[in-house]
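The values are calculated or read from the model by the stated rules, or taken from the named source; none is laboratory data. If you're wondering where the values come from, they're calculated on a predicted model, not measured in any experiment. Positions of Cβ are backbone-derived with ideal geometry, glycine not excepted, and every protein chain shown enters the neighbour counts.
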Amino acid sequence: MSPFDITPFNETLYFIDGDDEKQLAWVVAQKPTTATNKIILVNGNIKTTAETLNQRIYFDQGGVLVNRFGIEKLPSVVDEMPNQPLLRITEVAVQ
C-alpha cells in the first residue's frame, strides 16, 4: 500500500530563493495544475517576498523540506507524477 492510496498529493510546492529576482519572476509565471500551490522560501526575507509576490509564503525552517525531498538546486517544483503514485521533483534552470 502506498501513502497515495490513503491521501493523494494534490498540491504543487515551489521552492525558491526570495533574494533572486529571476526566481521571483519565474514563480509568478507558473500555472500549477493542482488546486493548491505553496511557495516555500529557502532563502530571503519572508515578509518582503510575500509583499513582492502578493501571496502567502512559507519558510523552510532549518531546511527540513529541502533535505526531505533531496532538493539541491533552486527553484524546484514538487508535485505528483501524472498517472503514477510518485512524487516528482523538478529542478529548474532560470536564466
Screening K31, K73, K22, K38 for residues that are out of contact with any Leu (no Cβ under 8 Å at 6 or more places or on another chain) and not in a loop (DSSP other than H, G, I, E, B) leaves only K22
Per the list (1) at pLDDT 95 or above; (2) surrounded by 14 or more Cβ atoms within 10 Å (Cβ to Cβ), residue check on F9 breaks on (1)
By residue number, the members of region 5-19 that are in contact with a strand residue (DSSP E or B) (Cβ under 8 Å, 6 or more places away or on another chain) and either assigned to a loop (DSSP other than H, G, I, E, B) or of a type in the set (V, I, T) (or both) are P8, F9, N10, T12, I16, G18, D19
Taking region 41-64 and keeping residues out of contact with any strand residue (DSSP E or B) (no Cβ under 6 Å at 6 or more places or on another chain) and either among the basic types (K, R) or not in a loop (DSSP other than H, G, I, E, B) (or both) leaves K47, T48, E51, T52, L53, R56, Q61, G62, G63, V64
Review point. So is L86 surrounded by 17 or more Cβ atoms within 10 Å (Cβ to Cβ) and of a type outside the set (F, W, Y) or not?
Key: no
